[in-house]
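One structure is given here, and the rest of the page talks about it.
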Amino acid sequence: MNRPLTAIDLGELERILVESGVGGADDIKRAADESHGLGLFVRSLVGMDRGAAKEALAEFLAGRSLSANQIEFVNLIIDHLTEHGVMETRMLYTSPFTDLTPQGPEGTLQTRADR
């Protein structure tokens, strides 16, 4: 659980989808191309486990003491990953992320030492 799909997994998934008639090889290739990979396409459909999303951000947060706004910002990222599975960087510069500060992550995650 919460492990990346292997090349074998993706190949088998593609075979199953084609054989079941869900989509042809061209449909699957197009979905994979548009999503930058079949694995990312699948993740965009099913989302990401909340624990896996927290684990993905744990290294970034290690050793930091966060303000209430910073915690809220990180939780917004986790919520997005949980629902959508992936996140494009540009999303961090749109609402609800910019509702905390118009500068996006630079304004929210900046520490006093960075100012």
>> I need the fraction of alpha carbon pairs in the stretch 1-64 separated by more than 15 Å, rounded to a whole percent.
In response: 60 percent
> Computed from these coordinates, which is P(r) over Cα pairs in 5 Å bins from 0, in percent: (i) 2, 11, 21, 24, 20, 13, 6, 2, 0; (ii) 2, 10, 17, 19, 15, 12, 9, 7, 5, 3, 1, 0; (iii) 2, 9, 13, 15, 15, 14, 14, 9, 6, 3, 0, 0?
Replying inline: (ii)
> Percent of accessible area on the chain owned by carbon and sulfur, 1.4 Å probe?
Replying inline: 54 percent
>> With +1 assigned to the C-beta of every Lys and Arg and -1 to the C-beta of every Asp and Glu, and no other charges, what is the dipole magnitude of the stretch 15-104 about the Cα centre in debye, to the nearest 20?
In response: 160 debye
>> Test of understanding: what is the full-extension gain from Thr101 to Glu19, defined as 0.36 nm times their sequence separation minus their Cα-Cα distance?
In response: 24.6 nm
> With point charges of +1 on the Cβ of Lys and Arg and -1 on the Cβ of Asp and Glu, referenced to the Cα centre of the chain, which listed residue (Leu10, Gly51, Ala32) lies farthest in the positive direction of the dipole?
Replying inline: Gly51
> Mind checking which of Ala25, Ala53, Ala62 has the largest fluctuation in a GNM of the chain, springs on alpha carbons under 10 Å?
Replying inline: Ala62
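The values are calculated or read from the model by the stated rules, or taken from the named source; none is laboratory data. In this text, all values refer to a predicted model and were calculated from it rather than measured experimentally. Glycine gets a Cβ as well: all are built from the backbone with ideal geometry, and neighbour counts include every protein chain shown. To get the accessible areas, we keep the full protein, side chains included, count just its heavy atoms, and leave off ligands, DNA and RNA. Shrake-Rupley method; radii C 1.70, N 1.55, O 1.52, S 1.80 Å.
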